[in-house]
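The values are calculated or read from the model by the stated rules, or taken from the named source; none is laboratory data. As the structure is a computational prediction, the values presented were derived from the model and not from experiment. Glycine also receives a Cβ, built like all others from the backbone with ideal geometry; neighbour counts cover every protein chain displayed. Each accessible area value is taken on the protein alone, full model and side chains, heavy atoms only, with ligands, DNA and RNA left out. Shrake-Rupley method; radii C 1.70, N 1.55, O 1.52, S 1.80 Å.
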There are 2 protein chains.
Amino acid sequence: MASSWMSIPPNSPFSLSNIPFGIISTAPDSTPRPAIAIGPWALDLHVFASNKGFSHLPEITPHLSVFSSPTLNAFAALGRSTTSAVRTYLQSIFDENTPYPDILRGNPELRATALIHQSHVTMHLPFTITDYTDFYVGLNHALNCTRILRGIGSLQPNYRHLPVGYHGRASSVVVSGTPIRRPSGQILNPAAETPEVMFSACRKLDFELELGCFVAKGNAHGEPVPINEAESYLFGVVLLNDWSARDIQAWEMVPLGPFNAKNFATSVSPWVVTMEALEPFLVPSMERGRSVLKYLAEKRKANVFDINLEVDVTTPAGTTKTVCHTSGRHLLFSFPQMLAHHTVGGCPFNTGDLIGSGTISGADDPATFGSLLENTENGTKAHVFNEEERRTFLQDGDTVTFRGICGEGEYGLVGFGECQGKILPAVEFKA
Amino acid sequence: MASSWMSIPPNSPFSLSNIPFGIISTAPDSTPRPAIAIGPWALDLHVFASNKGFSHLPEITPHLSVFSSPTLNAFAALGRSTTSAVRTYLQSIFDENTPYPDILRGNPELRATALIHQSHVTMHLPFTITDYTDFYVGLNHALNCTRILRGIGSLQPNYRHLPVGYHGRASSVVVSGTPIRRPSGQILNPAAETPEVMFSACRKLDFELELGCFVAKGNAHGEPVPINEAESYLFGVVLLNDWSARDIQAWEMVPLGPFNAKNFATSVSPWVVTMEALEPFLVPSMERGRSVLKYLAEKRKANVFDINLEVDVTTPAGTTKTVCHTSGRHLLFSFPQMLAHHTVGGCPFNTGDLIGSGTISGADDPATFGSLLENTENGTKAHVFNEEERRTFLQDGDTVTFRGICGEGEYGLVGFGECQGKILPAVEFKA
Ligand SMILES: [Ca+2]
Ligand SMILES: [Ca+2]
Ligand SMILES: [Mg+2]
Ligand SMILES: [Mg+2]
Ligand code: NI
């Protein structure tokens, strides 16, 4: 494990092994621009690039303008071989035995302007997202939902054959920290004896613990991405909260899928952890019990990530309870399989498009279930915070925080930081 | 009915009453730029604006750069009052009693450079689309699908309460004329006695006759669009073909809705007919049999458009048959209602976002049904073109053409032109 000449705390999610990319702004410079996270610091890549920071990486020289862009799209579009070289180069810059001490280590002026403590940084949505798709390949989640909502223990016949997914709303993807307005809409009156439609603020507001994956390279319209090339089309991973209005969903969902129940907001963590950084944490996906068609058959066995995932709910009074602890491994299909399936009919992707995994839940133990629908059995078993505070679904002023980290012990952690959102009261509709 | 000093054929869809907007390029100038259609001509708004064409419309002067943009987004974002003023001004320029004869009528140099015959013009996608939603509010279509595919005569309980819709794929929306590659994917083997999944090129390729509506003005995240303001958020309407792979759809659709069955392509006609031009053709939507919740209650009664719609299928041998003739009035909800519903939970829209109506079918008579699924009873009753040529679903080399026109008789027609696509053979997958 390489060490840095910088003082990186041993439990930092942003070790030298990580080097995630994000978009920052600061009080002195409000223009959003690319950065990496290293320990508690952000390295401003606009400042770094403008001050000869990349002078020992000639292949990036023609493309330095990507570091003046307000999103990561232009950077990611350079392709995995270039973005991977940039990450490796930045690791070498921060290595305690850096071959280029003149660049940053021995350059206090550049250190003073390019390295900014993350507490002084505002994070922005890392990509412009023109299409967002949410999959549903968390097998345990799917089984839980079927059991809780329909009382049956088996899934639809297609479930193990293909990564089930639906198109989501790109416009409402927001970066961690953005407050989430409780949605209103049509629900069935829970007090009515016969089904009765009513207008209401959502009464069953939930989170869904997911991983999101940003696409680096697009495919041309009509040209499927071959399964064993699909990984190279991906840029990196974030924590994703697919906020869900369960009562709106129950009424609207059949036959065309979730709509207003999901499109009011989706939150993502701001630092995009690269596919390269996550590669050491690959493990085989869940047992499928059957083979897949050739267009989905990956050569590699280890294809999903063993990421420790946690969900905290914090009440307005400040009480916090961890309501879920699970792993990113509980998925039936990998991101490359999702991309291969999504494009098999010719659907085109653009740089920055976002893919959600579906809710990640462990088996059997409710403390591993990635939504309140599941771990409260549709609101029938409350989380007890203390004598005064209980939660089935989310209340106004609650804050939901996701954390994700790979690795064990100290040093070398590859983490995501947080994906957080606080619930605002619903809009008041005029009578 | 105003006449023009230009010679506009009496049956032109682009009368002086219309003035639709689109994006053109030409052989001498391959840069896409805004234009209007007038009779058989396009008026190049980039050239027109650059040559003092708008000198009698001071309110557009600060915004002339919108006419150098490669899409209509910047123009539409100016808002309905400005874009409507531009359309009215252009009508006055072409009026036989134009108050500004110096601008174009008496300016042969500008006429020679700004007016281009449409046969010399390439049309482009009119907007950059960052989100596309397809609704399902064609009541007759929904009833037909339920009857044909499930053998039942009633709809889901939510159907009359809200405009049912699902998020579609923005990246695969293409302009009329773009060839459509037959998709491949997972289907159930129709020859197998017990359900058996197989990989195949789509064998049930279909069209769906819809109207599309482009959004002019966005709403902020968390702020619903009030129903009686919703119309002012819309820019205009196009013909929309929601190409559909029925066999892929049948296998994938439950429980989260159509996905690869729809996301391979959606075609739109290139000239966007403004809400202003369509206003004379408003008629009341279909009978709902119940009231709607207040957030969907429009003050106006006439809210959908009586547009004559036709679908032709042309075989590779060149035989053409009109397989559908219906009206845009067969919708249960209006575009303002769709927008109000879509945003009621706070989902944000951006300029250029696209809303599809859902398939438009008349009642009872198969010749009025807007898809082959419906008018061939799921492939059991073929369209007979002649002794050699029959069609249930689309074959490679077939061309589907939608036409739409409002008004009767001659002069003053408000039409859409065509929305056309030719089927290319499926991609060959390597063994
Ligand atoms: Ca989800
Ligand atoms: Ca449709
Ligand atoms: Mg969501
Ligand atoms: Mg489509
Ligand atoms: Ni000619």
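Values computed for the structure shown
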| item | result |
| --- | --- |
| Residues within the range B:65-87 that are among the polar types (S, T, N, Q), under 16 Å from B:ALA49 (Cβ atoms) and either without any contact (Cβ under 8 Å) to a residue 12 or more places away in the chain or not in a helix (DSSP H, G or I) (or both), tallied | 3 |
| B:GLU418 vs. criteria within 14 Å of another protein chain (Cβ to nearest Cβ), open to solvent by 70 Å² or more (accessible area, probe 1.4 Å) and under 30 Å from A:GLU223 (Cβ atoms) | no |
| Residues of the range A:201-242 classified as under 30 Å from B:ARG160 (Cα atoms) and within 10 Å of chain B (Cβ to nearest Cβ), total | 2 |
| Some residue of the range B:263-279 being in contact with an Asp or Glu (Cβ under 9 Å, 6 or more places away or on another chain), charged (D, E, K, R) and either buried (at least 23 other Cβ atoms within 10 Å of the Cβ) or more than 14 Å from chain A (Cβ to nearest Cβ) (or both) | no |
| Within the range A:298-327, tally of residues that are open to solvent by 40 Å² or more (accessible area, probe 1.4 Å) and more than 22 Å from A:ALA363 (Cβ to Cβ) | 6 |
| Unique residue being modelled with pLDDT of 95 or more, small (Gly, Ala, Ser) and under 26 Å from the mean Cα position of the chain (by Cα) when the list is A:SER81, A:SER50, A:SER65 | A:SER81 |
| Some residue of the range A:309-330 being closer than 28 Å to B:ALA261 by Cα and of a type outside the set (A, V, I, L, M) | yes |
| Selection count, the range A:390-411, where residues are surrounded by fewer than 18 Cβ atoms within 10 Å (Cβ to Cβ) and outside any strand (DSSP E or B) | 7 |
| The range A:266-284 residues that are within 21 Å of A:ASP134 (Cα to Cα) and away from ligand 3 (no atom under 16 Å from the Cβ), paired with ones that are modelled with pLDDT under 95 and in a strand (DSSP E or B) (beta carbon under 9 Å, 6 or more apart) | A:PRO270/A:GLY417; A:TRP271/A:GLY417 |
| Members of the range B:182-195 found to be crowded, with 22+ Cβ neighbours inside 10 Å and within 7 Å of chain A (Cβ to nearest Cβ), listed by number | B:PRO183, B:SER184, B:GLY185, B:GLN186 |
| Among the residues listed as A:GLY397, A:GLY379, A:GLY417, the single one being at pLDDT below 95 and on the phi > 0 side of the Ramachandran plot | A:GLY417 |
| Given (1) out of contact with any strand residue (DSSP E or B) (no Cβ under 7 Å at 6 or more places or on another chain); (2) in contact (Cβ under 8 Å) with a residue 24 or more places away in the chain, index of the condition B:GLU229 fails | (2) |
| Filter pass, A:THR376 being away from ligand 4 (no atom under 16 Å from the Cβ) and open to solvent by 10 Å² or more (accessible area, probe 1.4 Å) | no |
| Residue in the range A:317-327 that is of a type outside the set (Phe, Trp, Tyr) and more than 27 Å from A:ARG203 (Cβ to Cβ) present | yes |
| Pick from the range B:69-86, criterion within 24 Å of B:SER12 (Cα to Cα) and surrounded by fewer than 20 Cβ atoms within 10 Å (Cβ to Cβ), ranking: farthest from ligand 4 (Cβ to nearest atom) | B:ALA85 |
| Residues satisfying the stated conditions in the range B:257-302, i.e. within 16 Å of ligand 4 (Cβ to nearest atom) and out of contact with any helix residue (DSSP H, G or I) (no Cβ under 8 Å at 6 or more places or on another chain) | B:GLY257, B:SER267, B:VAL268, B:SER269 |
| Some residue of the range A:55-62 being within 30 Å of A:TYR166 (Cβ to Cβ) and open to solvent by less than 70 Å² (accessible area, probe 1.4 Å) | no |
| Complete set of residues in the range B:17-76 that are out of contact with any Lys or Arg (no Cβ under 9 Å at 6 or more places or on another chain) and acidic (Asp, Glu) | B:ASP29, B:GLU59 |
| Answer residue from the range B:352-367, given it is open to solvent by 10 Å² or more (accessible area, probe 1.4 Å) and in contact with a helix residue (DSSP H, G or I) (Cβ under 8 Å, 6 or more places away or on another chain) and is farthest from ligand 5 (Cβ to nearest atom) among those | B:ALA363 |
| Considering residues of the range B:122-166 that are within 27 Å of A:THR130 (Cβ to Cβ) and more than 14 Å from every other protein chain (Cβ to nearest Cβ) only, the residue most open to solvent (accessible area, probe 1.4 Å) | B:THR122 |
| Single unsatisfied condition, B:VAL237 versus (1) in contact with a strand residue (DSSP E or B) (Cβ under 9 Å, 6 or more places away or on another chain); (2) buried (at least 17 other Cβ atoms within 10 Å of the Cβ); (3) farther than 29 Å from B:ALA85 by Cβ | (3) |
| Cross-chain or 6+ apart pairs with Cβ under 6 Å, the range B:239-263 first and within 16 Å of ligand 5 (Cβ to nearest atom), then among the acidic types (Asp, Glu) | none |
| Qualifying residues in the range B:106-136 (those that are within 16 Å of ligand 4 (Cβ to nearest atom) and β-branched (Val, Ile, Thr)) - the one farthest from B:ILE19 (Cα to Cα) | B:THR133 |
| Conditions (1) within 29 Å of A:THR326 (Cα to Cα); (2) crowded, with 20+ Cβ neighbours inside 10 Å; number of the one not met by A:LEU104 | (1) |
